[in-house]
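One structure is given here, and the rest of the page talks about it.
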Amino acid sequence: MTKFRIREVEHCWIPMPDGIRLAARIWMPEGEGGSYPAILEYIPYRKRDLVRARDERNHPYFAAHGYACLRVDIRGSGDSEGAMPDMYGKDELDDARHLIQWIASQPWCNGRIGMFGTSWGGTASLQAAVNAPIPLKAVLANCATWDRFEDDIHWMGGCLLTDSLEWGATLPAILAAPPDSATVGAAWLDAWNRRLEKLSFPLRHWMRNDVRGRYWRRGSVRFRVERLSCPILSIGGWSDRYSNSVLPLVKARPDICWGIVGPWGHHYPDQGEPGPAIGFQDLALEWWDHWLKPEIPGDLNWPKIRLWKRGFDPPRNRLKVRQGNWIAVHDIGSVSWNSLHLDAGRLRCGPAAAEESLSVPFDMRHGECAGDTGYFGRMGGLPLDQAADDGRSLCFETEPLGKVVDLVGGAALYALIERTAPQAQFVCRLCDVDPNGRSNLVARGILNLELDELMDVSRPFASGERLAYTIRLPSTAYRFAEGHRIRLALAASYWPLAWPTASDPGIRVLSGSRLELPAFPERGDPATLPFPEAKELPERKSWRMLSEPNLERTRQSVRDGKVCSSWSLAPTTTRFDDLNTSVTVGTAAEYGISADGPQGARFQIDHEIEIIRPDGKAKIDSKLIAERVGKVIEAHGILVAIWNGRELARKIWKA
């Protein structure tokens, strides 16, 4: 394949219809008069510094293979003008469509455009695929969500995640960082002051919208899936919360969607940990060449779904490589089910011998072994040995398995439940227990029992009434080995991953409940497996890591009647010598709760960004504290913006 020399444009203004200008960095094949297909990445993470190194792994590689590539800062972020009141607002979605039309009209573009990204950028790509503009021929969505309420960072099954609170402090810090004078020009300081004046704190919206409703449907392509109108490649990782979007998306639109889920967390797959990583850039080129270069012969003979099927790994905070193998699923509609019934501490193939009503524990230490949701892509934070949390749960388990059992898809618990309080949090963990008693987390789900099936409104409540619920666990691919046991663990709290209810809901589960484990026909296909190997890109790096400390975690401990834990990522500095610029990011979190109940629940997050460049030093400090006051969660924060040691703005806010 011919490789091109690259011409790079460090900064370009792209006008929007309302007069706001968006800032872009562009890479394209070098040469006069040529026109090429284009690839767009559209995110708020500062093209000039914050994710500059990540951008340079992808865009120059695509450009060298015949594409014009654009990295655009969303309005209100980085070097772009304007303000961002919330994620995925109307202006942001409209701007994406205007960008696509603007790119298609440029003389260096042949009118065929692809859009891609990870996390926000992947979700923005899915949103652009709804009634896609004519030039948009395909998208690639990595670590993206199709359901902003159920499979995003904010709520899990209608239960508030502390991840949402962390993001509530982190996003304003990113948006509050200044434009760069070297690209924006002499007006950068006035632009920064205007941005700080209009700075928003979207956590207010996220906490107040505690049911799915219209707010969370906005931007959730799950509810507009029939309007998706261009081919989509959806990629995820089992160690990332967003991975649950991949299989449902492909199942909903198998005519235009393909899916890949590996073992990694919230990363591009070439940087995937736990591994094995794959060659994302070469995989993406296969995708782009097929849809954006119709002159290249060949058929995209891919399976609908390719999955890393995990095996048992001894649980630990960090794994470099997981056990398992790649499988291909060609017919996602051909699912079979294994049924296991809950019976007096056992999971058995037949119905329960007698009806029992069993109490579900409400223990504030349940969640000690949870790890992260995987959203922030930190190295480490995997679920630990679940045995301690299993001991704080109501457990059901099989006898040692006489043969392997495969789980491919989303397990479901059909449960008959009673409770004594309207507010109730039901936690369901599916674990693999090896012959040595080590308990490995396979999948987990949380459900707010107060909400209806669509999580739009509250159900009518009567104390002690017996109701049927379906708890759908996130999709996964896993093999339970012969001699291992399948364990189902149930609890009524999951701190510090999720904010607990105000009091013990008095949940009881009836033994007539059952667990369903799905599996799909699969085959390893030499024509499509394995993937391209991951490459170390780019060949010449424009950055150096001046500090790259490990993430430090403390296990839960009880001090003065409080259960305390914390983690911190000491400041990490990336230096760009060509720009004489460095960016440093650091975060620390503390959790505390009463050992006797949820009234003492408290969470604090501190996030800082420091940018040192030729004209000075900017520092953004963002702090958020959330605590339970009676039945209410109160959150307040402070953000301080400093330039060359002088405080430029101080924002105090409440959610």
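The values are calculated or read from the model by the stated rules, or taken from the named source; none is laboratory data. Being a predicted model, the structure only gives us computed values, none of them experimental. Positions of Cβ are generated from backbone atoms using ideal geometry, with glycine treated the same way; all protein chains shown enter the neighbour counts. These accessible areas exclude ligands, DNA and RNA; they are computed on the full protein's heavy atoms, side chains included. Shrake-Rupley method; radii C 1.70, N 1.55, O 1.52, S 1.80 Å.
Computed quantities for the displayed model
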{"item": "Enumeration of residues in the stretch 243-269 that are open to solvent by 10 Å² or more (accessible area, probe 1.4 Å) and not in a loop (DSSP other than H, G, I, E, B)", "result": "N244, L247, P248, K251, A252, W258"}
{"item": "Residues located in the stretch 298-328, provided they are open to solvent by less than 20 Å² (accessible area, probe 1.4 Å) and farther than 22 Å from A481 by Cα", "result": "P303, I305"}
{"item": "Check on L441, open to solvent by 50 Å² or more (accessible area, probe 1.4 Å) and part of a strand (DSSP E or B)", "result": "no"}
{"item": "Residue match in the stretch 479-494 (condition: of a type outside the set (A, V, I, L, M, F, W, C), touching a Cys at 6+ places or on another chain (Cβ under 9 Å), under 30 Å from G597 (Cα atoms) and open to solvent by less than 20 Å² (accessible area, probe 1.4 Å))", "result": "yes"}
{"item": "Lone unmet requirement of (1) among the small types (G, A, S); (2) assigned to a strand (DSSP E or B); (3) open to solvent by 20 Å² or more (accessible area, probe 1.4 Å); (4) touching a Pro at 6+ places or on another chain (Cβ under 7 Å) for S339", "result": "(4)"}
{"item": "Residue that is surrounded by fewer than 23 Cβ atoms within 10 Å (Cβ to Cβ), more than 18 Å from R48 (Cβ to Cβ), touching a Lys or Arg at 6+ places or on another chain (Cβ under 6 Å) and at pLDDT 95 or above, where the choices are A104, A64", "result": "A64"}
{"item": "Qualifying residue in the stretch 295-305 (condition: small (G, A, S) and farther than 30 Å from G391 by Cα)", "result": "yes"}
{"item": "Cβ pairs under 6 Å, 6+ apart, first in the stretch 112-124 and under 12 Å from L140 (Cβ atoms), second assigned to a helix (DSSP H, G or I) and at pLDDT below 95", "result": "none"}
{"item": "Subset of the stretch 54-77 (residues that are within 20 Å of the chain's Cα centre (by Cα) and over 23 Å from W102 (Cβ atoms))", "result": "R54"}
{"item": "Residues (out of contact with any Gly (no Cβ under 6 Å at 6 or more places or on another chain), assigned to a loop (DSSP other than H, G, I, E, B) and crowded, with 17+ Cβ neighbours inside 10 Å) located in the stretch 380-402", "result": "G380, L384, D385, Q386, R392, S393, T398"}
{"item": "Search result, residues across the stretch 1-27 that are in contact (Cβ under 8 Å) with a residue 60 or more places away in the chain, open to solvent by 60 Å² or more (accessible area, probe 1.4 Å) and farther than 16 Å from W102 by Cβ", "result": "M1, T2, K3, F4"}
{"item": "Tabulated pairs, the stretch 343-359, first of a type in the set (G, A, S), second part of a loop (DSSP other than H, G, I, E, B) and open to solvent by less than 60 Å² (accessible area, probe 1.4 Å), C-beta under 7 angstrom, 6+ apart or interchain", "result": "A344/S511; A352/S511; A352/G512"}
{"item": "Selection within the stretch 126-147 - surrounded by 24 or more Cβ atoms within 10 Å (Cβ to Cβ) and either free of Cβ contacts under 8 Å to residues at least 24 places away in the same chain or assigned to a loop (DSSP other than H, G, I, E, B) (or both)", "result": "A129, C143, A144, T145, W146"}
{"item": "Any hit, the stretch 288-303, residues being of a type outside the set (S, T, Y), touching a residue at least 24 places away in the same chain (Cβ under 8 Å) and closer than 19 Å to G265 by Cα", "result": "no"}
{"item": "Those residues of the stretch 161-182 which are part of a strand (DSSP E or B) and β-branched (V, I, T), in sequence order", "result": "none"}
{"item": "Residue among G298, G279 that alone is more than 19 Å from the chain's Cα centre (by Cα), at pLDDT below 95 and small (G, A, S)", "result": "G298"}
{"item": "Which numbered condition L407 fails, given (1) part of a strand (DSSP E or B); (2) surrounded by fewer than 21 Cβ atoms within 10 Å (Cβ to Cβ)", "result": "(2)"}
